[in-house]
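The values are calculated or read from the model by the stated rules, or taken from the named source; none is laboratory data. This one's a predicted model, so the numbers in the text were calculated from it and none came from an experiment. Every residue, glycine as well, gets a Cβ built from its backbone with ideal geometry; the counts of neighbours run over all protein chains shown. Note: areas computed on protein heavy atoms with side chains; ligands, DNA, RNA excluded. Shrake-Rupley method; radii C 1.70, N 1.55, O 1.52, S 1.80 Å.
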Amino acid sequence: MKKLQLKIPVILPQVPNEKDTCVERLINELQAKEGIEKVHVADTMEDATPQLCFHYDPDIISIDRVQSLAESTGAEITEKYGHLLIEVKGIRHTRQARTIEKSLLVINGVLEASVSGSGMVRLEFDKKQTNFDEISKQIEKEDLQIQRSASNENDYTEASRKKQERSNKEETKEQTATEGHEHKEGDIHEEGEGHAHGGIFGKNTELIFSIICGALLGIGFGFSYVDSIPDWVSLVLYIGAYFFGGFFTTKEAVQTVAKGGFEIDFLMLVAAIGAAILGEWAEGALLLFLFSLGHALEHYAMNKARKSIAALADLAPKTALLKKGGKTEEVGIEKLSISDIIVVKPNSKISADGVVVNGKSSVNQAPITGESVPVDKVPVEDTSKEYSQDDEIKDENRVFAGTINGNNTLEVKVIKEAKDSTLSRLVKLVNEAQTQKSPTQLLTDKFEKYFVPSVLILVGILLFAFLVIDEPFSASFYRAMAVLVAASPCALAISTPSAVLSGVARAARGGVLIKGGRPLEDLGVITALAFDKTGTLTEGKPKLTEVVPLGDIEENELLKIAVAVENLSDHPLAKAVVRDGKERLKGTDITDASDLEAVLGKGIKASLGKDKIYIGNLDLYDDLDEAKPSEEISNKVKELEGGGNTTMLIRRNKEYIGIIALMDTPREAAKETLKKLKEIGIKRMVMLTGDNQKVADAVAKEIGLTDAWGSLLPEEKVEAIKKLKEQESKVAMVGDGVNDAPAMANSTVGIAMGAAGSDVALETADIALMADKLETLPFAIGLSRKAKSIIKQNLWVSLGIVALLIPATISGFANIGIAVLVHEGSTLLVVGNALRLLAYKK
């Protein structure tokens, strides 16, 4: 597709002009993302605001994604461009979705349009040139009904709103994405199905019409062998079969031709009419019967995958028990506000994201995070605190909407409104993922663009075969129609979208958000993984690992001194000493220290009774006085540091009394997870860390990494990813999605862990592991590999069938009946093969 260019005004807080290094950094990070060819400051400026000019491929990246990436680097892109995500009713198949896509791109101001066969429509448009009203009119012209919308538009006209109310369309307005790119989610419209095709029999009309067609064809064919029944009876039955089998095919073909295009429906119709002209009514009716039955079954099969995604939206209950003034009342979840207290009864679903303020229970978080074991929840320490802006909420205190409470009652303080809940964002992002085309789909679309005209030229030539070979025109015409049926790329069109839809749906059910076909396919061929160390491979919390007394002092006595002094400090290492020290001392009385004095980057000193206590690294004592530690003590400290520990040497007055060591310990599951990754074909696993190389090597050796690159600054991690990509071609970066955002943007696939609690991670990562669990990674990679394998199988089947059928029909070996039977069979085969992904086991 042709690369697009657009200019977006960009606001960078406290930046004097566009030549600032912050703008340079923003440009470099955006340019590194796949799909963005070039970013530069435009020559022209609007209202003295710097304009960033983007050269990008809309098939690979959307404006909405660009905004999310820009915001994650500290920029705030003004809302010059609108973003709409709409669920519509009435799309019959992938080819119709493509036709609708083209018609939406005709609207002045629409920059991007992507429509999936599952009923999701994604649009990017210039607000100055068009609006939701214009877009919805075009959608209605396509004989589609809007089910719901999830957009960042909040400036729809009053008329549009009234019109929506009158037609009872459940539209949702989404907040303008200024900070964090927050979106509002609408209520789910539960009437009908996305693939439902309207008619007198409701959503199953097409299937019922197809069955009637088959019945009439069968009766007519049977009557043709009964001598006592006139031929016109069979003919009438065949005509009836034509009506029921060709109803929806004709309807769609007429709509497509009226717009100046043609699709497979039109070609099938031509073939059926041709058969009738030749007097082959039974064969034409068979063609329409199998074609309409194939479509109906294709809808049914695809609907299974779509329902799996739609089920996500139904996880959250529609009401909550709100506690006010000692009383509880049932209210709709949309009426809940931040800081409201809701009561969650035993074995019921939690209605909102929040923190536990009263009660203890275990919560089944599988619907959101995919964790198989319920997680124990306890109240927060400070129940009066406002937690909505707190990024450091512990897992044991946090709950998510849609998860299931255990056997005890909980009281939960709401920290996110329903529209902003993790579940709402997850549903929105999964729906958007359906509209993102995979590299294989883009390739097959390009192939079809040249293949279909080639087939028509071949059919045109075959129509005049009677001029070259000795046969009547009817035989040439019949052969041409058979080739037309044989060469129709139905299976090819559905082969990749069905696999992507099933893969995304299965991943979401397992607590993994995959944002479309591209990351799904890319992850399936990854051979190298880069990990951030802190919080990804390790717990992210230092733990007390060694207590080494020096001289005559007891270990517990040394620990009491360390805890007393460190209790005065707010440093994370000090907190770890106090936490783990108290745990080891188990209720022993600890004397209070006083007169704390911190020495930046080196340690602390304080008074404990009549003694002066010093705690710090070796550098602290170099400048303190002449009482330096002995060589033996220094060597012991260095030995501990060589093993990956952070050490603190303790001195009382002039006497060195002990050493305590802390380490950010590897996650329990790290070693086993890396072993599984090796088994499924990941050749290189590299740890990127700011820690010194000795610490990096120690951790790598313990958990089984192939490489450890230490002493890296954040910008050096980006260079490390680039270097790894040169060596391994495709690289995935695993981190928290916040601090690692620049490195992730430069990797082939960015994977964020613990995304359920992080809005930024949900927006910036290509793949988000909802649970903060490393062990979900082999499932995500395994599923992607399976999806990639199924996509390849589907391509071979769909192209192989066409390659066999074309020569078979040209040579006369296969007639129209056989061609359509094999053709429709291959379509159902690729869809059924794709649906196997829904049953993928971890």
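Counting only the heavy atoms of the protein chains, how much of residue 729 is accessible to a 1.4 Å probe, in Å² to the nearest 10?
80
Please give me the summed charge of the neighbours of residue 412: other residues whose Cβ is under 10 Å from its Cβ, Lys and Arg +1, Asp and Glu -1.
Taking every Cβ under 10 Å from that of residue 412, the sum is +1.
Please provide three numbers in whole Å: the alpha-carbon extents of the range 539-665 along the principal axes, with the largest listed first.
37, 35, 30
Which GluC sites (Glu not before Pro) in the range 659-735 sit in a loop by DSSP (not H, G, I, E or B) and have at most 14 other Cβ atoms within 10 Å of their own Cβ?
Details: sites: 668, 672, 679, 702, 715, 716, 719, 726, 728; in loops: 668.
Those satisfying the criteria are 668.
Once you keep just the Cα pairs under 8 angstrom separated by 6 or more residues, what percentage relative contact order results for the range 680-719?
Numbers: 53 pairs, mean separation 18.7, N = 40.
Answer for the range 680-719 is 47 percent.
Filter the GluC sites (Glu not before Pro) in the range 490-554 to those in DSSP coil with at most 11 other Cβ atoms within 10 Å of their Cβ, and list the result. If you can, show how the numbers build up before the last one.
Details: sites: 521, 539, 546, 554; in loops: 554.
Answer by residue number: 554.
Once you list every other residue whose beta carbon is under 9 Å from the beta carbon of residue 339, what net charge do they have if Lys and Arg are +1 and Asp and Glu are -1?
Here the count lands on -1.
Charges on Cβ only, +1 for Lys and Arg, -1 for Asp and Glu, centred on the Cα centroid of the range 613-736; of 649, 696, 729, which one is farthest towards the dipole's positive end?
Looking along the dipole axis, the top candidate is 729.
For the range 204-313, what class follows from the C-alpha gyration tensor (a ≥ b ≥ c being the square roots of its eigenvalues): rounded when a/c is under 1.5, otherwise prolate if a/b is larger than b/c, else oblate?
oblate
Counting only heavy atoms of protein chains, what accessible area per residue, in Å², does the range 519-593 have with a probe of 1.4 Å?
That works out to 46 Å² for each residue.
Assign unit charges at the C-beta atoms only (+1 for Lys and Arg, -1 for Asp and Glu), then state the dipole size of the range 319-420 relative to its Cα centre in Debye, rounded to the nearest 20. Can you show the working numbers first?
Working: 14 positive and 18 negative charges, 93 e Å.
Its charge dipole is roughly 440 debye.
With an 8 Å Cα cut-off and a minimum separation of 6 or more residues, compute the relative contact order for the range 204-313 in percent.
Averaging sequence separation for qualifying contacts and normalising by length gives 31 percent for the range 204-313.
At a Förster distance of 22 Å, what's the computed FRET efficiency of residue 553 paired with residue 575, Cβ-Cβ distance as r, to 0.05?
Between residue 553 and residue 575 the formula returns 0.40.
As an exercise, use a Förster radius of 56 Å and the Cβ-Cβ distance of residue 612 and residue 789 to find the FRET efficiency, rounded to the nearest 0.05. Spell out each step's value before the answer.
Numbers: r = 68 Å, r/R0 = 1.21.
After rounding, the FRET efficiency stands at 0.25.
Mind running the shape call on the range 92-149? Use the C-alpha gyration tensor, a ≥ b ≥ c as the square roots of the eigenvalues: rounded below 1.5 for a/c, prolate if a/b tops b/c, oblate otherwise.
Since a/c reaches 1.5 and a/b is larger than b/c, the shape of the range 92-149 is classed as prolate.
Need one word for the range 645-700: rounded, prolate or oblate. Basis is the Cα gyration tensor (sqrt eigenvalues a ≥ b ≥ c); a/c below 1.5 gives rounded, then a/b vs b/c decides.
Prolate, because a/c is 1.5 or more and a/b exceeds b/c.
Taking 8 Å as the Cα distance limit and 6 or more residues as the minimum spacing, I'd like the relative contact order of the range 539-665 as a percentage.
Computed over the range 539-665, the figure is 32 percent.
Run the dipole for the range 92-149 about the Cα centre, Lys and Arg Cβ at +1, Asp and Glu Cβ at -1, nothing else charged, and hand back the magnitude in debye, nearest 20.
Approximately 160 debye in magnitude.
Hey, what's the range 92-149 come to in accessible area per residue, 1.4 Å probe, Å²?
Working: 1940 Å² over 58 residues.
I get 33 Å² per residue for the range 92-149.
Tell me the trypsin sites (Lys or Arg not before Pro) within the range 660-726 that lie in a loop according to DSSP and have at most 14 other beta-carbon atoms within 10 Å.
683
How far apart, in nm, are two points set 7 Å out from the Cα along the Cα-to-Cβ line at residue 107 and at residue 348?
Between residue 107 and residue 348, the simple spin-label model gives 4.1 nm.
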